[in-house]
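Single-structure report; data block below.
Bear in mind these aren't lab numbers, they're just calculated from the coordinates by the rules spelled out. None of the values given here were measured: they were computed from a predicted structure. Positions of Cβ are generated from backbone atoms using ideal geometry, with glycine treated the same way; all protein chains shown enter the neighbour counts.
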Amino acid sequence: MTKTTLFIHGIADSLVPVSMAQALYNAAPPPKQLLLIPNAGHNHIEAEFDKPENLKVIREFTKRVMEDRYLLIHQRKHAKQLD
């Protein structure tokens, strides 16, 4: 089973540069997604986090993960039934 990862990082983070988030994203195996949130700092990401465009990305990511998980479970059940 693979791990699906959503990286979320504030572009205005003064403690952890965006380049570090990008490096983690680049090093991670797929499936993965990177959400960079404009104007969001290190400890105040919530001020920008709940904007509709960000929530849409998170909802779509979560939906995709759940659909993939559902398919995997049913494929395994089907494979066991054939054994």
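Computed from the C-beta positions of residue 15 and residue 74 and an R0 of 35 Å, the FRET efficiency is 0.20 to the nearest 0.05. Output the 0 to 90 degree angle, nearest 10, between the alpha-carbon long axis of helix 18-27 and the longest principal axis computed from the alpha carbons of the chain. It is inclined by approximately 20 degrees. Where only DSSP H runs of four or more residues are counted, the chain gives -17500 deg cm²/dmol as its mean residue ellipticity at 222 nm, each run worth -39500 (n - 2.57). On the principal axes of its alpha-carbon atoms, the chain has extents of 55, 28, 15 Å, going from largest to smallest. For the chain, the longest principal axis of the alpha carbon atoms and the long axis of helix 52-82 meet at an angle near 20°.
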